[in-house]
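Before any comments, here is the structure.
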Amino acid sequence: MANPFAAVREFSPRTRAVLAVNAVNSFGGGLVLPFLWIYLGQVRGLASWIPAATLAVQAATAVVGGLAWGAVLDRLAPRTVVTLVMCVAGAGTGLYAFATSAPVALTAAVVYGLGISGVGTVLRYLYAGAATARERGLAFSADYAVFNAMTGLGVLVGGAIAASGPGSRAARFAALYVADGCTFVAAGAALLLLLPRLDRARPSGAGAESGHGPVGYREVLGQRTAVVLLAALTLCSLVSYGQLKSGLPGYLTAHGAVGPEGLSGTFAVNIVVAVLTQVLLGERVQRVRRSTVLSATGALWAAAWALVLLAGRQHGTAATVTAMAGVLLLSVGEALVFPVVTALLNDLADERTRGRVNAMLSVAVSVGSVAGPLLAGATLPFADGLPLVVSLVAVSAAVALVGTALRRTLPTGADLPDLAGRPDAEGAEAASGSGGAGGPDSAPVAVA
């Protein structure tokens, strides 16, 4: 069996630095990930509408902010943008430590939503600056594994501190939000020091020779393949991320099929399987057509939700085991498809619109994550939740069909990246017939 960590040696110092910094940042996010509703409602004693309004404002700001950061990223050096978004996100989550009233909580939601919407966009942009399509694909896979592992570790540490740390309960929660804010600021400072000063002036051949001027989201949305991929990504998010904390527990626990202990076990399976899938298969999946990965994920998810449907009709150990089997399939598909589609979109992106493409990617995932709970809330009350699960099986099948259709339209260089690690200019030429996606952003990290 090949060494699952061998691919790390292929990363440039720049890619390894971004991965290391994001590991620390992900740990900080895990410290507070499950707690906002409990913190505002139970610890701070705020009215019941405030946690709901805070989460809604945070999500809405993230969608709008993501589009704004994408446009900024196509105009300014990523070194500048990544530092700014990290500081804004850090200030927002740190402000939650002082959320003793509705105005402060909602202000924190606006600031944090604005900042966090840019974090994922700019980090993906940095990974996309890899010198080869193969390194880019591996970087997105490694980032997914690092994010899940470090977030999970952060959740464990944060839960332990919140439950039994020193000081009052409110002080412990506040300290966790301050710590999360510090990791954002530290990440921004580290990337400011490590990333070279990049000249964002376009290379002479990037736009001038072709006669193209400044571009916007209209040009991105005018690319049919990109729109199909973004729509597929929205469906993927709805089926997976959007249901893990809403439809899945709501359906399984509605009639006592699975208890709290079994439900906790399913979430543990999700984190562990997602990380192991990337560690064991992240490099191997680079040899598989990306359209095939999308189709296989849709098929896996259809089978997963069929198992969840069956689990909801059982009780006790049988229901728990069946539910865990379904979550296992969900987790495998989730761990494979999101990094693969992210890499595919970046391979197809023009250098002038790369920031906007990654912003649209963030928006697609956010929309699916918000639409998932809305779908669950609307359908769970009917027929013991059967319409919800059947709908999810149908959406998963649609994802599989999209993958099949894309195989006939995607350029071979984008669908199956060159394993030899060609320069990005050649890879992009094979993928889209346009100029390369490398350029100044491919410079290595200047480490003192």
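The values are calculated or read from the model by the stated rules, or taken from the named source; none is laboratory data. Remember, predicted model here, so these are calculated numbers, not experimental data. Glycine also receives a Cβ, built like all others from the backbone with ideal geometry; neighbour counts cover every protein chain displayed. Just the protein is used for accessible areas: all its heavy atoms, side chains included, with ligands, DNA and RNA removed. Shrake-Rupley method; radii C 1.70, N 1.55, O 1.52, S 1.80 Å.
A few remarks follow.
- ILE161 - accessible surface, heavy atoms, 1.4 Å probe, Å² rounded to 10: 70 Å²
- Classification of segment 1-135 by its C-alpha gyration tensor yields a prolate form. The axis ratio a/c (a ≥ b ≥ c) is 1.5 or more, and a/b outweighs b/c.
- Solvent exposure ordering (accessible area, 1.4 Å, most first) of MET324, MET86, MET360: MET324, MET360, MET86
- Ordered by solvent-accessible area of protein heavy atoms (1.4 Å probe), largest first, the residues VAL185, VAL81, VAL155 come out as VAL185, VAL155, VAL81.
- Cα centroid of segment 14-79 to Cα centroid of segment 289-360, whole Å: 23 Å
- CYS182 accessible area, assembled protein chains, probe 1.4 Å, Å²: 80 Å²
- Rolling a 1.4 Å probe over the protein chains gives LEU55 an accessible area of about 70 Å².
- Ranking THR15, THR404 by solvent-accessible area of protein heavy atoms (1.4 Å probe, all protein chains present), from largest to smallest, gives THR404, THR15.
- Among the DSSP helices (H) of the chain, those spanning at least 15 angstrom by Cα along their long axis with an average Kyte-Doolittle hydropathy of 0.0 or more are 13-32, 49-73, 78-95, 102-128, 133-164, 169-194, 224-239, 260-281, 290-311, 316-348, 354-379, 386-407; this is a geometric and hydropathy rule only.
- Positive-pole candidate from LEU330, VAL293, VAL81, dipole of the chain, charges at beta carbon: VAL81
- Relative contact order for the chain, counting Cα pairs under 8 Å that sit 6 or more residues apart, in percent: 25 percent
- The fraction of accessible area contributed by carbon and sulfur in the chain is 70 percent, rounded to a whole number (1.4 Å probe; ligands and nucleic acids excluded).
- For the chain, calculated [θ]222 nm from helices alone, where every DSSP H run of n ≥ 4 adds -39500 (n - 2.57): -24000 deg cm²/dmol
- Here the contact order of segment 302-422, divided by its residue count and restricted to Cα pairs under 8 Å and six or more residues apart, works out to 29 percent.
- Cα-based shape type of the chain, given that a ≥ b ≥ c are square roots of the gyration tensor eigenvalues and the cut on a/c is 1.5: oblate
- Three-way shape call for segment 332-425 based on the alpha-carbon gyration tensor, with the a/c threshold at 1.5: prolate
- Per residue accessible area of segment 71-135, 1.4 Å probe, in Å²: 29 Å²
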